[in-house]
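Data block below; observations after.
The values are calculated or read from the model by the stated rules, or taken from the named source; none is laboratory data. Bear in mind the structure is a predicted one, so any value in this text is a computation, not a measurement. We place every Cβ from the backbone using ideal geometry, glycine too, and count neighbours over all the protein chains shown. These area figures cover heavy atoms from the full protein model, side chains too; ligands, DNA and RNA do not enter into them. Shrake-Rupley method; radii C 1.70, N 1.55, O 1.52, S 1.80 Å.
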Amino acid sequence: MDKIVAKKKFGQNFLKDEHVLRQIIEAMPNTSNSLVEIGPGLGDLTKYLVDVRGLTAFEVDTDLCKHLNERFKTLIKEDKLQLHCGDVLKSWDDNLVDEDYDLVANLPYYIATNIILRALADEKCKNLLVMVQLEVAKKFAANAGEKNFGALGIITQSVGTASIVIDVPPTAFDPAPKVDSAVLLIQKSKSRSDREFEQMLSYAFTQPRKTLLKNLSSHFDKALITKALEEMELPLTYRPHQLTTEGFHQLYKKIT
Ligand code: SAM
């Protein structure tokens, strides 16, 4: 087979550092859920994952699919690996897989946020252990009061817990990306389902440096928000990143 050249348009940065690959396997949540990998690429993480449990993998690039079909011929025959060639976001229009699963992947960065939000909404997805751009990982794992705290952190905390478990430098990849990366662990206790609450979050953070009262007043009754903040004993000057996830849920109940 011809040498495979990384394609930028598919966000291909192959993880080559064996130490990081093993760290990812060690950080996997201890469950008996089946495994899903999005973007197996050359298969270097895949080879460790199939050793752990049965795996379903989704790869968009037809050249890589050919390579993976060849590399894992035996495991595919034995049904230990199911390989789907195509855009994972299209497969997600239906059930991604039929049983409960944990998502473990070095994600394509150009659609990483979208994939994580889809997985948070998918009831079958129980845990995520995903490599993403460090700045994106920080947003999902942020806590109230931190400058990165916004809708992504609140949505995540509404369905479970999130933490950054491994920091990964560009040198771990080939080709090296321009940004630092991190492995993010999200353990879900339920699934994302309340789109109206999320709509309120997007209003709340429209202008992050303005007050929550000002941002929300364009869409909700100002007197009601003022009353709610007073009842919650919060200053009217509160900025959106200062309110906790629980606070956002309380406020939402009071103003809708
Ligand atoms: N897992 C490999 C590794 O760790 O070396 C490759 C990771 S690379 C960052 C992202 C992978 O996702 C690439 O193989 C790319 O072709 C694949 N990919 C990009 N967009 C995709 C999509 N929409 N559906 C499925 N796979 C996709």
Accessible area per residue in Å² at 1.4 Å probe, computed on the range 195-255: 59
Picking from 234, 256, 244, whose Cα lies most toward the positive end of the charge dipole for the range 180-256 (charges on Cβ: Lys, Arg +1; Asp, Glu -1)? 256
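Just the number, please: carbon plus sulfur as a percent of the accessible area of the chain, 1.4 Å probe, no ligands or DNA/RNA counted.
Exposed carbon and sulfur together represent 48 percent of the surface.
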Return the FRET efficiency for the residue pair residue 236, residue 27: r is the Cβ-Cβ distance, R0 is 45 Å, and the value is rounded to the nearest 0.05. 0.60
What is the distance, in nm, between label points placed 7 Å from the Cα along the Cα-to-Cβ direction at residue 161 and at residue 224? 3.5
For residue 16, which aspartates and glutamates qualify as cross-link partners when the Cα separation must be under 14 Å and same-chain residues fewer than eight apart are set aside? 44, 174
Summing -39500 (n - 2.57) over every DSSP H run of at least 4 in the chain, dividing by its residue total and rounding to the nearest 500, the 222 nm mean residue ellipticity is -10500 deg cm²/dmol
Need the list of lysines near residue 188 for cross-linking: C-alpha distance under 21 angstrom, and skip anything on the same chain fewer than eight residues off. 124, 126, 138, 139
To the nearest Å, what is the center-to-center distance of the range 99-131 and the range 172-209, using C-alpha atoms only? 11
Per residue, accessible area of the range 8-188 with a 1.4 Å probe, heavy atoms of protein chains only, in Å², comes to 45
Cα-projected label distance for residue 209 with residue 6, points at 7 Å along beta-carbon direction, nm: 3.5
Considering only DSSP beta bridges with both partners in the chain, what is the antiparallel share in %, to the nearest 5? 50
Out of all DSSP beta bridges with both ends in the range 89-219, state the antiparallel percent to the nearest 5. 70
Per principal axis, descending, Cα span of the range 66-210 in whole Å: 57, 36, 23
Tell me, in nm to one decimal, what length is gained between residue 250 and residue 123 on full extension, where the rule is 0.36 nm per residue of separation less the Cα-Cα distance? 43.3 nm
If one builds a Gaussian network model of the chain from Cα atoms under 10 Å apart, the most fluctuating residue listed among 232, 200, 131 is 232
Which residues in the range 172-206 have a backbone N closer than 20 Å to a point placed 7 Å from the Cα of residue 63 along the Cα-to-Cβ line? 173-178
Output row, site residue 90, 7 Å Cα→C-beta label point, backbone N cut-off 19 Å, window the range 18-43, residues 37-41
22 Å Cα-Cα reach of residue 254 towards lysines, excluding residues that sit fewer than 8 places from it in its own chain: 210, 214, 222, 227
Where GluC sites (Glu not before Pro) in DSSP loops with at most 12 other Cβ within 10 Å are excluded, longest remaining stretch of the chain: 124-232
Backbone HN-Hα couplings from phi across the range 237-249 [Karplus 6.51/-1.76/1.60, Hz, Gly and Pro as x]: 8, 4, 8, x, 5, 7, 7, 6, 4, 4, x, 4, 5
